[in-house]
Amino acid sequence: MTPATGVGRPGFAWAAPAAVFFGLFALVPLLLVVVLSFTRWNGLGSPEFAGLENWSKLLDDPVMVKSLWLSLVLTVLGVVVQTPISILLGVWAAGHQRNRAVLSAIYFVPLLLSITAVSVLWRAVLDPNFGVPSQATWLFGDGNLFGVQASALGVLVFVSTWQFTPLHTLLYQGAARAVPQVLYQAAQIDGAGRVRQFFHITLPQLRNTVVTSTILMVVGGLTTFDTVLILTQGGPGTDTTNSAYYMYQKAFKSFDFGTASAIALLLVLVASLVSLVMVRLSGYDKMRSTMEGV
Amino acid sequence: MRKRPNYLAGFGSLVWLFVVGLPLYVMLVATFQTRTEYAANGPLGFPENFTLDNYVNDLNDGFAQYFLNTVVVTVAVVGIVLLLVPPLAYAIVRSDGKAAGRVFRLFLLGLAIPSQAVIVPMFYLINEAGLYDNLLGVILPTAAFAMPVCALILTGVMRDITSELYEAMTVDGASSWRIFLQLVLPLSKGGLSTVVVFSALQAWNGFLFPLVLTQSSENKVITMGLYDFQTEHGVDIPGLLAAVVLSMLPILFVYLFARRALVQGLMGVGGK
Amino acid sequence: MKRHIRLLRTAVVGGASLALTLSLAGCGGSGDGAGGDSDTIRVLVYGDATNKVEKQLVDTFNKTSKVKAVLDTIPGADYQSKLQTIISGKQAPDVFFNWGGGSIKPFVDAGLLMPLDDFIAKDPKLKSDFLPSVFDTAVVDGKPYGVPMRGTQPVLLFSNEKVLEEAGVTAPRTWDELLAAVKALKAKGVTPIALGGGDKWPTQMWFQYVYDRVAGPELFAKAVKGDKDVWASADSRKALGMLKELIDAGAFGTNYDSVKFTDGGSPALLATGKAAFELMGSWEYSTLQDAYPDFVKSDLGYGAFPAVTGGKGNGDNIAGNTNNFYSVLKSTEHPEAVAEFLKLMYSDEFVKAQLAIGNLPTTTNTPKFLDTAANPEYSKYQYDLVKKAPAFQLSWDQAFPPAATTTLHQAVQQFFNGQSDADAFIAAMQSLPAA
């Protein structure tokens, strides 16, 4: 018994304004990026057609390859570090105890700061001579955090974690509260301990949230830019120059808009590939309610 | 069955409290010291000669104007998103044509377009439209780039409205307008508050668009104020941190008075 | 059929909302643009503390001129990026701040700038009232494109005299004395030299001076014109060897890449006695004066970069920013007004205002007013230094076009922290685009 098609259903016109707006400010620029990637242009005068020059230069550019690799490293590290912390904190905060509510409120504070503010703050806190490292040499040594690749990447991952963990914690907190209590009661009757309950009930029930949270982390990770610009400027050398920052550098420091556009396209390709895979895996694109099958 | 306290979790939560709290502590104490005192005291020292000068100087330096600009941008972005995305999501969920589905795929693709990728042509377009160094030039692209996630959230919520409810109204001969206003919107409240929070945060945190598309101090948003502070006042760490504190005050205010809605909205980002 | 009607409706609704968006956009745009072009000249400067002098001059100008000047500023780090993106568009200023040399070369090549020959023909003082070594920095392809508009900023070796005294060291006059001082200071447990390596350009200052002392100014002059062989020359390798020796001696400590000048890190090291020297532009003085007035009064020392015995470069040569310049857009609608505005740059009012905030103008009438400077002794020292210098090397990253900056900065940083050796540095420099 299907309802008559068309009756009481919204037409395409409902989607049109949003589609046009989005097309104008996101898709048209994207098309222009494609065009620009085949041109030579320094922002003065008009772009000259350059064929595949930018692309062939990029393929030979060790910094480009390195920057893609660094984007990947930053993304993977971000997911690997943030996910366990957020799940644990989220499940913990889902409890209704008073002290948990108070602490959760404090945990939330980093999210009130903009990424810019957070980066500026950590740059000051981590100053080798006048920041925290000078007070804790047993931990930080000479405090050369920004002068060595491993620690510079570490700082970038840590700062993102510091800022975005509250968001992901909230996601998990909400999801954990939605886990039906009967499952836990049943497990307790079976004599399952806390750890078993966590792994056998809580985690499986959080599956969908893991997907959502991971998508957000991956998209955020691939496009990390503000923190790089403010904390490391891609240094030391090119050791933290991820693709997003490399693209910015090519465009607005070296004024090579053609190459910058080619990098931008590569970035879009990688990001859409990743999100396509994840959307497939999660079944987001299926017209299916999460209520179905319950 | 009585629960025994979870010591391990308690310990872990205190460790995280330290991680979150330490930089906030450093930030706060630094802002109440003069530069000389901060350099001599170290980051952990407590101010001996308590001063509010850092805050006063920042406010005199134009931060009040930056606030106002940021608020304008945020409100406008949220407004555009609220106007455009709910009908879109409704069409995606309920339309029987193929077109809406295609549009949805386009928006899913949009999830993967980082704003950096289009910044060069965006600059060009905004400049051609005469919107360079104009808040509207920041508002429009920011809103466009907030839309994919908002569309994702809202379609998720609207799909959870059971088809029985739709059919009940359709049988009564309700138009799609009436269904939208009387059924879909009321039942999507949670998703809508999530969308508001998400797009507001996007606007509030916006960095790259204002960085490239604005220049004068009349059109500066807070993030730019902070970023520029470093180059204009080089050595003034306490002043800089005071600006950071100022930049978070409005949101802190919202947080204190509307904590529940904000938190609920953010929880909603995850869906179920 | 039904579907077609719906499509039509779609198009109408969509078109209407698009039109709405655009008309909104249009309102905002025209509201702002109106009055921008007609009777004004727009002056664009680098945003920092000197802006108050620029504001004062604009006010002076507006008192008598029918065409009004409007001052716009772009803060620090993004000045060059913003400038290049707007200069060929609707937002282009009539007159703008720059560093001369490579910073305006791309604009000259694109035919955007007005040669100032006509202005100078009408008012010769626009050239003759400035020190020639400074004025020449903004001469591109034989034509003048800029009028000096701020202070000269030679790079000096600053020191904390108390720390030097405690280590039994005097200010080094030669490279060998510097190496000896480094050793003595290290033994005392202080970082011999503060370096804001996180900013990269402070690291570059060491290259500028050592190359000048070893090879003379000619090497770089050739390099910037596109001669790639000079980088592989014996002099070049000798300079790199000396730098390497200094780095390996621990002169800069180990964490300099995490330190910045721009966030106050490296000057603080000097002022608090954690380091003994810092090689920095003359603005270091006012930076320190702001943050550590007591230190400036009692213990701040300054001097020229040490000489290198047997080197080809004169020990009196200096490097740094010769000055900043105002250049004029060819498309300006009010060239006469612009010429009048530029004349203020050698006026007594300008000189006095710059001196009062610690800048050192490079006009010929500057010596008259040196006593009125914020720090007369420091200003006189610098003025004499600049006047007697046989060569004034423009900072490398200003001499090359902006497109070279990133590679240049990375190369100096990687050489300092050991990521690359002399060969890699030479290869990087050879890859730079010529000015």
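Which of the residues belonging to region A:94-109 are more than 8 Å from every other protein chain (Cβ to nearest Cβ) and either touching a residue at least 40 places away in the same chain (Cβ under 8 Å) or farther than 15 Å from B:Phe18 by Cα (or both)? Can you show your working first?
Going through region A:94-109, the residues more than 8 Å from every other protein chain (Cβ to nearest Cβ) turn out to be A:94-99, A:101-102, A:104.
Hits for region A:94-109 are A:Ala94, A:Gly95, A:His96, A:Gln97, A:Arg98, A:Asn99, A:Ala101, A:Ser104.
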In region C:272-289, the residues that are touching a residue at least 60 places away in the same chain (Cβ under 8 Å), within 13 Å of chain B (Cβ to nearest Cβ) and assigned to a loop (DSSP other than H, G, I, E, B): C:Gly273, C:Lys274, C:Trp283
Residue in region C:257-266 that is in a helix (DSSP H, G or I), of a type outside the set (S, T, N, Q) and within 21 Å of A:Phe146 (Cβ to Cβ) present: yes
Pairs with Cβ under 6 Å, 6+ apart, first in region C:360-380 and more than 26 Å from C:Leu157 (Cβ to Cβ), second crowded, with 18+ Cβ neighbours inside 10 Å and of a type in the set (Asp, Glu): C:Thr363/C:Asp129; C:Thr364/C:Asp129
Output for region B:52-79, where each listed residue is buried (at least 23 other Cβ atoms within 10 Å of the Cβ) and charged (D, E, K, R): B:Asp58
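So is C:Thr332 β-branched (Val, Ile, Thr) and surrounded by fewer than 21 Cβ atoms within 10 Å (Cβ to Cβ) or not? I'd like the intermediate steps shown before the answer.
Working: β-branched (Val, Ile, Thr): yes; surrounded by fewer than 21 Cβ atoms within 10 Å (Cβ to Cβ): yes.
Yes; evaluated as a whole, the condition is true for this residue.
Please enumerate the residues belonging to region C:210-223 that are touching a Gly at 6+ places or on another chain (Cβ under 7 Å) and over 15 Å from C:Ile318 (Cβ atoms). Please lay out each step first, then the result.
Going through region C:210-223, the residues touching a Gly at 6+ places or on another chain (Cβ under 7 Å) turn out to be C:212-217.
Within region C:210-223, C:Val214, C:Ala215 meet the criteria.
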Within region C:290-367, strands (runs of 3 or more DSSP E) holding 3 or more residues that are farther than 30 Å from C:Lys63 by Cβ: C:300-303, C:318-321
Lone unmet requirement of (1) more than 26 Å from the chain's Cα centre (by Cα); (2) assigned to a helix (DSSP H, G or I) for B:Leu22: (1)
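Can you tell me which residue is farthest from the chain's Cα centre (by Cα) among those in region C:187-206 that are assigned to a loop (DSSP other than H, G, I, E, B) and touching a residue at least 24 places away in the same chain (Cβ under 8 Å)?
Taking region C:187-206 as the starting set, the residues that turn out to be assigned to a loop (DSSP other than H, G, I, E, B) are C:189-190, C:195-196, C:198-200.
Retained after the next criterion (residues that are touching a residue at least 24 places away in the same chain (Cβ under 8 Å)): C:190, C:195-196, C:198-200.
Values: C:Val190: 30, C:Leu195: 18, C:Gly196: 16, C:Gly198: 17, C:Asp199: 13, C:Lys200: 13 Å.
The extreme case among them is C:Val190.
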Qualifying residues in region C:255-271 (those that are within 9 Å of chain B (Cβ to nearest Cβ) and hydrophobic (A, V, I, L, M, F, W, C)) - the one farthest from the chain's Cα centre (by Cα): C:Ala271
Qualifying positions in region A:48-82 - within 25 Å of the chain's Cα centre (by Cα) and hydroxyl-bearing (Ser, Thr, Tyr): A:Ser67, A:Ser71, A:Thr75
Complete set of residues in region C:355-383 that are within 17 Å of C:Ser286 (Cα to Cα) and either touching a strand residue (DSSP E or B) at 6+ places or on another chain (Cβ under 9 Å) or outside the structural domain of C:Pro93 (by TED's automatic domain parsing) (or both): C:Asn359, C:Leu360, C:Pro361, C:Tyr378, C:Tyr381, C:Gln382
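Conditions tested, residue by residue: (1) surrounded by fewer than 16 Cβ atoms within 10 Å (Cβ to Cβ); (2) in a helix (DSSP H, G or I); (3) on the phi > 0 side of the Ramachandran plot.
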position	(1), (2), (3)
C:Gln208	no, yes, no
C:Tyr211	no, yes, no
C:Leu219	no, yes, no
C:Ser236	no, yes, no
C:Ala239	no, yes, no
C:Met242	no, yes, no
C:Leu246	no, yes, no
C:Gly250	yes, no, yes
C:Thr254	no, no, no
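This table checks each residue for (1) in a loop (DSSP other than H, G, I, E, B); (2) buried (at least 20 other Cβ atoms within 10 Å of the Cβ); (3) hydrophobic (A, V, I, L, M, F, W, C); (4) within 14 Å of chain B (Cβ to nearest Cβ).
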site	(1), (2), (3), (4)
C:Leu57	no, yes, yes, no
C:Asn62	no, no, no, no
C:Ala69	no, yes, yes, no
C:Thr73	no, yes, no, yes
C:Ala77	no, no, yes, yes
C:Leu83	no, yes, yes, yes
C:Ala92	yes, no, yes, yes
C:Phe96	no, yes, yes, yes
Counted residues, region B:91-105 - those being out of contact with any helix residue (DSSP H, G or I) (no Cβ under 6 Å at 6 or more places or on another chain), more than 7 Å from every other protein chain (Cβ to nearest Cβ) and not basic (Lys, Arg): 1
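Select from region B:181-232 the residues that are in a loop (DSSP other than H, G, I, E, B) and either buried (at least 23 other Cβ atoms within 10 Å of the Cβ) or touching a residue at least 40 places away in the same chain (Cβ under 8 Å) (or both) and list them in ascending order. Please lay out each step first, then the result.
Of region B:181-232, the ones in a loop (DSSP other than H, G, I, E, B) are B:188, B:206-207, B:214-216, B:220-221.
B:Ser188, B:Gly206, B:Thr214, B:Gln215, B:Ser216, B:Lys220, B:Val221 - these are the residues of region B:181-232 that are in a loop (DSSP other than H, G, I, E, B) and either buried (at least 23 other Cβ atoms within 10 Å of the Cβ) or touching a residue at least 40 places away in the same chain (Cβ under 8 Å) (or both).
Does C:Val210 fit the bill of being at pLDDT below 95 and either among the polar types (S, T, N, Q) or under 29 Å from C:Lys105 (Cβ atoms) (or both)?
Numbers: at pLDDT below 95: no; either among the polar types (S, T, N, Q) or under 29 Å from C:Lys105 (Cβ atoms) (or both): yes.
Taking the combined requirement at face value, the residue does not satisfy it.
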Search result, residues across region A:211-252 that are under 20 Å from C:Gln413 (Cβ atoms) and either in contact with a Pro (Cβ under 7 Å, 6 or more places away or on another chain) or among the aliphatic types (A, V, I, L, M) (or both): A:Val228, A:Leu229, A:Ile230, A:Leu231
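One line per residue, one yes/no per condition, for (1) under 30 Å from A:Leu171 (Cα atoms); (2) at pLDDT below 85; (3) within 14 Å of chain C (Cβ to nearest Cβ):
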{"residue": "B:Asp172", "(1), (2), (3)": "no, yes, no"}
{"residue": "B:Lys189", "(1), (2), (3)": "yes, yes, no"}
{"residue": "B:Leu192", "(1), (2), (3)": "yes, no, no"}
{"residue": "B:Val197", "(1), (2), (3)": "yes, yes, no"}
{"residue": "B:Val245", "(1), (2), (3)": "yes, no, no"}
Matching residues, region A:63-83, being within 16 Å of A:Val268 (Cα to Cα) and of a type outside the set (A, V, I, L, M): A:Ser67, A:Trp69, A:Ser71, A:Thr75
Tabulated pairs, region A:243-268, first more than 10 Å from chain B (Cβ to nearest Cβ), second basic (Lys, Arg), C-beta under 6 angstrom, 6+ apart or interchain: A:Asp256/A:Lys250; A:Thr259/A:Lys250
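Taking the conditions exactly as written (out of contact with any Cys (no Cβ under 6 Å at 6 or more places or on another chain), within 12 Å of chain C (Cβ to nearest Cβ) and without any contact (Cβ under 8 Å) to a residue 12 or more places away in the chain), does B:Asn134 satisfy them or not? Explain how you work it out, then say what you get.
Details: out of contact with any Cys (no Cβ under 6 Å at 6 or more places or on another chain): yes; within 12 Å of chain C (Cβ to nearest Cβ): yes; without any contact (Cβ under 8 Å) to a residue 12 or more places away in the chain: no.
Against the criterion (out of contact with any Cys (no Cβ under 6 Å at 6 or more places or on another chain), within 12 Å of chain C (Cβ to nearest Cβ) and without any contact (Cβ under 8 Å) to a residue 12 or more places away in the chain), B:Asn134 does not qualify.
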Hey, A:Asp127 touching a Ser or Thr at 6+ places or on another chain (Cβ under 9 Å) and surrounded by fewer than 20 Cβ atoms within 10 Å (Cβ to Cβ) or not: no
Selection status of C:Ala435, at pLDDT 90 or above and outside the structural domain of C:Gln84 (by TED's automatic domain parsing): no
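Being within 11 Å of chain A (Cβ to nearest Cβ), aliphatic (A, V, I, L, M) and free of Cβ contacts under 8 Å to residues at least 60 places away in the same chain narrows it down to one of B:Leu111, B:Leu52, B:Leu68, so name that one.
Details: B:Leu52 fails: within 11 Å of chain A (Cβ to nearest Cβ); B:Leu68 fails: within 11 Å of chain A (Cβ to nearest Cβ).
Going through B:Leu111, B:Leu52, B:Leu68 in turn, the sole match is B:Leu111.
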Selection status of C:Phe261, closer than 30 Å to C:Ile426 by Cβ and at pLDDT 95 or above: no
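The values are calculated or read from the model by the stated rules, or taken from the named source; none is laboratory data. From a predicted model like this one, the values you see are computed outputs, not experimental measurements. Counting neighbours? That spans all protein chains shown, and the Cβs are built from the backbone with ideal geometry, glycine included.
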